[in-house]
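Asks: The structure follows.
The values are calculated or read from the model by the stated rules, or taken from the named source; none is laboratory data. What you see is a predicted model; the values in this text were computed from it and never measured. In this analysis, Cβ positions are derived from the backbone assuming ideal geometry, glycine residues included, and neighbour counts consider all displayed protein chains.
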Amino acid sequence: MTAEWLNLTFGATFTGAGLAEDMQKGIIDRFRSLPMSLSAVGLGRTASDVIYNLLSLVVMAVAGLIVGWRIHNGLGNALLGFGLLLLFAYAISWITAYFGLLVPSPEVVSNASFMVIFPMTFIANTFVPASNLPTPLRIFAEWNPVSAVTQAARELFGNIPLGTPDPTVWSLQHAALYTVIWVVIIIAVFAPLAVRRYKRAGARN
């Protein structure tokens, strides 16, 4: 599940890199001259990320099943788990879309994404229980949305590691809800910002 999450998260950065490249080549200027919605480019790019991530998720899930990973909580809950992962990755796509329209090159998007995603992923419960971390890092990990989506997916797949203590904070006790709240906040903030930035963007040569 951790590998699936990492794959989806880094896959979500393709939107930002693609938009930065379009800006650099002047393609965005051509789009802006067409009679189309200001949100169409961002919606199209983020939707393409969903399709890419869905295919990646299928490949990762099949590979996991082949090597011994199993779903223990029923197909319906598993589909909800996959959907939650895709939904969170879609929200991340809007963050990268905004910064892709803001920065000068695709390389900057890739480097900046790594600098943010790396600590967010590792200061979480993705690899070790949050309770094992020093107090400041533990508190951050417990409220980190990456921990929430990881916890929610594990619960829906029925793959909570043996010996893992029950969550003691609201964010992990209601991990699916907390994840959805973050998704709504991220999209509500960054989708309008991306559309506004697209409206003002110019070609970078």
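Asks: Sort through 112, 176, 141, 191 and tell me the only one that's within 19 Å of residue 45 (Cβ to Cβ) and modelled with pLDDT of 90 or more.
Replies: On the way: 112 fails: modelled with pLDDT of 90 or more; 176 fails: within 19 Å of residue 45 (Cβ to Cβ); 141 fails: within 19 Å of residue 45 (Cβ to Cβ).
Just one listed residue meets the conditions, 191.
Asks: Separate question: Quick check on residue 57: is it modelled with pLDDT of 85 or more, in a helix (DSSP H, G or I), farther than 23 Å from residue 189 by Cα and out of contact with any Leu (no Cβ under 6 Å at 6 or more places or on another chain)?
Replies: Working: modelled with pLDDT of 85 or more: yes; in a helix (DSSP H, G or I): yes; farther than 23 Å from residue 189 by Cα: yes; out of contact with any Leu (no Cβ under 6 Å at 6 or more places or on another chain): yes.
Taking the combined requirement at face value, the residue satisfies it.
Asks: Looking at segment 150-165, which of the residues that are in a loop (DSSP other than H, G, I, E, B) and β-branched (Val, Ile, Thr) is nearest to residue 83 (Cα to Cα)? Even if it seems obvious, please write down each step before you answer.
Replies: Our first condition is that a residue be in a loop (DSSP other than H, G, I, E, B); within segment 150-165, this holds for 158-165.
Checking which are β-branched (Val, Ile, Thr) leaves us with 160, 164.
Values: 160: 18, 164: 24 Å.
Ranking the qualifying residues of segment 150-165, first place goes to 160.
Asks: What number of residues in segment 127-161 are surrounded by 22 or more Cβ atoms within 10 Å (Cβ to Cβ), polar (S, T, N, Q) and under 21 Å from residue 68 (Cβ atoms)?
Replies: So the count comes out to 1.
Asks: Report yes if residue 178 is part of a helix (DSSP H, G or I), under 22 Å from residue 100 (Cβ atoms) and hydroxyl-bearing (Ser, Thr, Tyr), otherwise no.
Replies: On the way: part of a helix (DSSP H, G or I): yes; under 22 Å from residue 100 (Cβ atoms): no; hydroxyl-bearing (Ser, Thr, Tyr): yes.
Criteria not met by residue 178.
Asks: Scan 140, 118 and give me the residue that is closer than 30 Å to residue 23 by Cα and assigned to a helix (DSSP H, G or I). Walk me through how you get there before you give the answer.
Replies: Working: 140 fails: closer than 30 Å to residue 23 by Cα.
The unique qualifying residue is 118.
Asks: Taking only pairs six or more apart or across chains, which ones have beta-carbon atoms under 7 Å, a first residue in segment 180-205 that is over 28 Å from residue 148 (Cα atoms), and a second residue that is of a type in the set (Asp, Glu) and modelled with pLDDT under 90?
Replies: From residues that are over 28 Å from residue 148 (Cα atoms), the pairs are 202/29; 203/29.
Asks: Restricting attention to segment 69-104, report how many residues are out of contact with any Asp or Glu (no Cβ under 8 Å at 6 or more places or on another chain), closer than 19 Å to residue 13 by Cα and either at pLDDT 90 or above or part of a helix (DSSP H, G or I) (or both).
Replies: Residues that pass the stated criteria total 15.
Asks: While we're here: Filter segment 45-69 down to the residues that are surrounded by fewer than 14 Cβ atoms within 10 Å (Cβ to Cβ) and either in contact (Cβ under 8 Å) with a residue 60 or more places away in the chain or within 25 Å of residue 192 (Cα to Cα) (or both) and list them by number.
Replies: Initially, segment 45-69 is screened for residues surrounded by fewer than 14 Cβ atoms within 10 Å (Cβ to Cβ), giving 47, 51, 55, 58-59, 62-63, 65-68.
Correct list: 47, 51.
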